[in-house]
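Trainee: Following this message is one structure expressed as structure tokens.
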Ligand code: ARG
């Protein structure tokens, strides 16, 4: 809250008819949302302009009044954007602040703006418009991030690195394949925001307080003016639900989970123990005491963003749960955390995109690491199946014995001699050594979606087409 509550004895000018006295100062403080919902000013003014134009077109107010309202709202807009708008806590929220100021500027016609409308459909409209913009921002942030990940994938479609399960060496994979895994995840995130946007793009305006209105309004016209696909079909639903914000936060939460996993990998990979990647100076920080340090702060902060984003999601679910239809003031608690979650999601997307495109993969370290930890043991077992006709379970057992033998000698699988191999299974031939290299291993994984460089390039091409 940026305004200090100022107690007032005067009854509120918006509903003062029924009230003899103004609210207690603490009532005013708990009731006011202007400290945060001023962020909806542009949406609020756009909604009012569409509503006033429609009222005039329907003959509900005069063209003169509509013209005065239009001009007055533009003045209010420039006052707010110029930073000299007198926001008042006593006027509770952005809707009443704008309307009261409009009255100061244009006088009597301002009082006609609220015909056939309520703050209930007004706030539902403003917030929907705001969240819709944030879907667009998330979509373009994700497009940029996917572009950065694809740049890495293209550069390193055949760089070999260790693939892990349980963070233990599993099988060699390609850098490009690993990067494209994130492209798939971020691509689904993008489509979630697209889906949510399409579903939320219906107009609550004209639902009025909850029951609709007796004035001959044209909800299709206001919907169209605000870029909505259609008006919402049920006025109770229109003022009551915030599922569009829940969908946005849910998509944001899933996206933040994906971001946190990539961020975590970058933290691990940039450590002195891994040295898989080097982060550029632009995305690292130093330590005030340890001169050798290069800290991946941006990655760590991205990893942490899920905390507040999922927190916002849980908060809004909890606010909405069990609310009876239609509007309840609880719903004023829908905004702040959505604002915060959106801000931090956009920042995290931009930071990850920048960090990823500036990232250098240390290909020699990646390849050396890929060759350790008996990473081609599965290739050896597969060779025994393919060439000697062993059942896979037996091949697994033979390979396990060979791994134990190599481990005992402190060497890797390709360093065993043919005699060592034959001491475990007499039919093994020199040919086996052909499958123990990491490049052979990845090149052999040609199944659809596999790690072979050809497969990775095919996926990159598919994504390029998809994003074009
Ligand atoms: N500031 C309110 C909100 O954010 C606007 C709607 C108020 N409606 C009402 N009937 N008091 O929810």
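The values are calculated or read from the model by the stated rules, or taken from the named source; none is laboratory data. Just so you know, these numbers come straight off a predicted model, no measurement behind them. Note that each Cβ is placed from the backbone with ideal geometry, even for glycine, and that neighbours are counted across all protein chains shown.
Trainee: Just the residues that are under 18 Å from residue 161 (Cβ atoms) and assigned to a loop (DSSP other than H, G, I, E, B), please, taken from the range 263-294.
Mentor: Across the range 263-294, the qualifying residues are 270, 271, 272, 273, 274, 275, 276, 279.
Trainee: Right, residue 260: surrounded by 18 or more Cβ atoms within 10 Å (Cβ to Cβ), away from the ligand (no atom under 16 Å from the Cβ) and either modelled with pLDDT under 95 or assigned to a helix (DSSP H, G or I) (or both) or not?
Mentor: Yes, satisfied.
Trainee: So for the range 102-118 (the condition being at pLDDT 95 or above, within 16 Å of the ligand (Cβ to nearest atom), in a helix (DSSP H, G or I) and touching a helix residue (DSSP H, G or I) at 6+ places or on another chain (Cβ under 9 Å)), does at least one residue qualify?
Mentor: No, because not a single residue in the range 102-118 is at pLDDT 95 or above, within 16 Å of the ligand (Cβ to nearest atom), in a helix (DSSP H, G or I) and touching a helix residue (DSSP H, G or I) at 6+ places or on another chain (Cβ under 9 Å).
Trainee: Only residues that are surrounded by fewer than 15 Cβ atoms within 10 Å (Cβ to Cβ) and closer than 14 Å to residue 184 by Cα: list them for the range 438-464, please.
Mentor: The answer is 449, 458, 461, 462, 464.
Trainee: Just to be sure I understand, how many residues within the range 29-44 are buried (at least 20 other Cβ atoms within 10 Å of the Cβ) and closer than 14 Å to residue 122 by Cα?
Mentor: Let us first name the residues in the range 29-44 that are buried (at least 20 other Cβ atoms within 10 Å of the Cβ), namely 32-34, 37, 40-41, 43-44.
This time we only want the ones that are closer than 14 Å to residue 122 by Cα, so: 37, 40-41, 43-44.
Counting residues in the range 29-44 that are buried (at least 20 other Cβ atoms within 10 Å of the Cβ) and closer than 14 Å to residue 122 by Cα gives 5.
Trainee: Sticking with this structure for a sec: I'd like the full set of residues that are in contact with a helix residue (DSSP H, G or I) (Cβ under 6 Å, 6 or more places away or on another chain) and under 17 Å from residue 451 (Cβ atoms), limited to the range 166-222.
Mentor: 171, 172, 174, 176, 177, 179, 180, 182, 183, 185
Trainee: I've got another one for you. Which condition breaks for residue 284 when tested against (1) free of Cβ contacts under 8 Å to residues at least 60 places away in the same chain; (2) more than 27 Å from the chain's Cα centre (by Cα)?
Mentor: Only one criterion is unmet by residue 284, namely (2).
Trainee: Still on this model: List every residue pair whose Cβ atoms sit under 7 Å apart, with the two residues 6 or more apart in sequence or on different chains, where the first one lies in the range 77-93 and is over 16 Å from residue 42 (Cβ atoms) and the second, anywhere, is within 16 Å of the ligand (Cβ to nearest atom) and part of a loop (DSSP other than H, G, I, E, B).
Mentor: 89/3; 89/5; 89/32; 92/32; 92/33
Trainee: Only one residue in 122, 152 is assigned to a helix (DSSP H, G or I), modelled with pLDDT of 95 or more, touching a strand residue (DSSP E or B) at 6+ places or on another chain (Cβ under 8 Å) and surrounded by 17 or more Cβ atoms within 10 Å (Cβ to Cβ). Which one? Even if it seems obvious, please write down each step before you answer.
Mentor: Working: 122 fails: touching a strand residue (DSSP E or B) at 6+ places or on another chain (Cβ under 8 Å).
Going through 122, 152 in turn, just one is assigned to a helix (DSSP H, G or I), modelled with pLDDT of 95 or more, touching a strand residue (DSSP E or B) at 6+ places or on another chain (Cβ under 8 Å) and surrounded by 17 or more Cβ atoms within 10 Å (Cβ to Cβ): 152.
Trainee: Which residues, taken from the range 313-350, are away from the ligand (no atom under 16 Å from the Cβ), in contact (Cβ under 8 Å) with a residue 60 or more places away in the chain and crowded, with 17+ Cβ neighbours inside 10 Å?
Mentor: Of everything in the range 313-350, those that are away from the ligand (no atom under 16 Å from the Cβ), in contact (Cβ under 8 Å) with a residue 60 or more places away in the chain and crowded, with 17+ Cβ neighbours inside 10 Å turn out to be 313, 341, 342, 345, 348, 349.
Trainee: Sort out which residues of the range 166-187 are without any contact (Cβ under 8 Å) to a residue 40 or more places away in the chain and either in a helix (DSSP H, G or I) or in contact with a strand residue (DSSP E or B) (Cβ under 9 Å, 6 or more places away or on another chain) (or both), and write them in order of number.
Mentor: 178, 179, 181, 184
Trainee: Moving on. Is it the case that some residue within the range 193-209 is without any contact (Cβ under 8 Å) to a residue 24 or more places away in the chain and part of a loop (DSSP other than H, G, I, E, B)?
Mentor: Taking every residue of the range 193-209 in turn, none turns out to be without any contact (Cβ under 8 Å) to a residue 24 or more places away in the chain and part of a loop (DSSP other than H, G, I, E, B).
Trainee: So which residues in the range 374-403 are surrounded by fewer than 16 Cβ atoms within 10 Å (Cβ to Cβ) and closer than 30 Å to residue 278 by Cα?
Mentor: none
Trainee: Looking only at the range 404-436, which residues are part of a loop (DSSP other than H, G, I, E, B) and surrounded by fewer than 17 Cβ atoms within 10 Å (Cβ to Cβ)?
Mentor: Scanning the range 404-436 gives 410, 411, 417, 426, 427, 429.
Trainee: Let me ask you something else. Given (1) more than 28 Å from residue 41 (Cα to Cα); (2) surrounded by fewer than 21 Cβ atoms within 10 Å (Cβ to Cβ); (3) in contact with a helix residue (DSSP H, G or I) (Cβ under 6 Å, 6 or more places away or on another chain), identify the lone condition not met by residue 296.
Mentor: That leaves (2) as the condition not met.
Trainee: Can you find even one residue in the range 129-146 that is closer than 21 Å to residue 335 by Cβ, part of a helix (DSSP H, G or I), within 13 Å of the ligand (Cβ to nearest atom) and modelled with pLDDT of 95 or more?
Mentor: yes
Trainee: Next question, about the same structure. Sort out which residues of the range 328-358 are touching a helix residue (DSSP H, G or I) at 6+ places or on another chain (Cβ under 7 Å) and part of a loop (DSSP other than H, G, I, E, B), and write them in order of number.
Mentor: 335, 358
Trainee: Follow-up. Filtering the range 65-101 down to residues that are part of a helix (DSSP H, G or I), within 33 Å of the chain's Cα centre (by Cα) and within 16 Å of the ligand (Cβ to nearest atom), which residue is nearest to residue 26 (Cα to Cα)?
Mentor: 89
Trainee: Another one. Residue 375: assigned to a helix (DSSP H, G or I) and either away from the ligand (no atom under 16 Å from the Cβ) or touching a helix residue (DSSP H, G or I) at 6+ places or on another chain (Cβ under 8 Å) (or both), yes or no?
Mentor: no
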